[in-house]
Amino acid sequence: MDSWAQNDTLFINELKAGYQWQYIPAIFFKLNGLSVEIPELTIRDNISEADKWLESKDLIVNGYTIECKSRNEEFTNKTDYPYGTCFVDTVSGYDAKTIKPIAYIIISRKTGSMLCIQSSDNSSWGIEEKFDHVRKIREKFYTCGSNRLHPLSKLTNYIKAIGVKPEPCISSTR
């Protein structure tokens, strides 16, 4: 069997499925008065181009990057989250980003419920190595305690409180 990186069919199927789930939090943010952008889905032509997607973004809310992770776990809130820890992101994926997302949204594919983890809380994250049964690879993941999961309304209130991310200033010389 091809490795995850070279199994284009599995990669594209997972990418497209995950992309569709980004619309649920996007609608939630829009209904709560925030500006939301879902970047267009782009797909690599081959594995040698994978590094071009290191800075890809799932959602841009009021100018801030947010990552979405849809999961096959069943939960409706943090009290019924099925595990004591939650996988946030792969260590390699998170560490490679020069612009870190302000938050991760964990979406239950079984209930549609959404929980979030703010990246500012990353000092409490742990690292676990696990076998990913979908991709058939061993990977190191950043994890957080399920007690650190919050309803999406907390993230919405936080983004409203900090306001729209200012555009970077570009100086010009004359």
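None of the figures in this text is laboratory data; all of them are computed from the coordinates on show. In this text the structure is predicted, and so the values were computed from the model without any measurement. Here Cβ is always computed from backbone atoms with ideal geometry, including for glycine, and neighbour counts include all displayed protein chains.
With Cα atoms defining each centre, the stretch 126-143 and the stretch 64-100 are spaced 12 Å apart in the structure. Calculated FRET efficiency, N147 to R109, Cβ-Cβ distance, R0 = 25 Å: about 0.65 to the nearest 0.05.
Proximity of backbone amide H atoms, modeled 1.01 Å from N, is registered between D132 and I137, R138, E139 at under 5 Å, excluding neighbours fewer than 5 places apart on the same chain. Backbone amide hydrogens, once placed in the peptide plane, bring D89 within less than 5 Å of Y142, excluding anything fewer than 5 places away on its chain.
For the stretch 64-74, putting each phi into the Karplus relation 6.51 cos²θ - 1.76 cosθ + 1.60 with θ = phi - 60° gives couplings of 9, 7, 10, 9, 10, 10, 8, 10, 7, 7, 9 Hz, in residue order, rounded to whole numbers and with x for Gly and Pro. Taking θ as phi - 60° and the Karplus parameters 6.51, -1.76 and 1.60, the scalar couplings of the stretch 102-112 work out to 6, 7, 10, 10, 9, 10, 7, 5, 8, 10, x Hz in sequence order, x denoting glycine and proline. When the listed pairs K16/K100; K78/K165; K16/K130; K57/K154; K97/K165; K100/K140 are checked against a 25 Å cut-off, the alpha-carbon distance exceeds it for K78/K165. Annotation: amide H-H contacts under 5 Å for Y64 (H modelled 1.01 Å from N, sequence separation of 5 or more, or interchain): K165.
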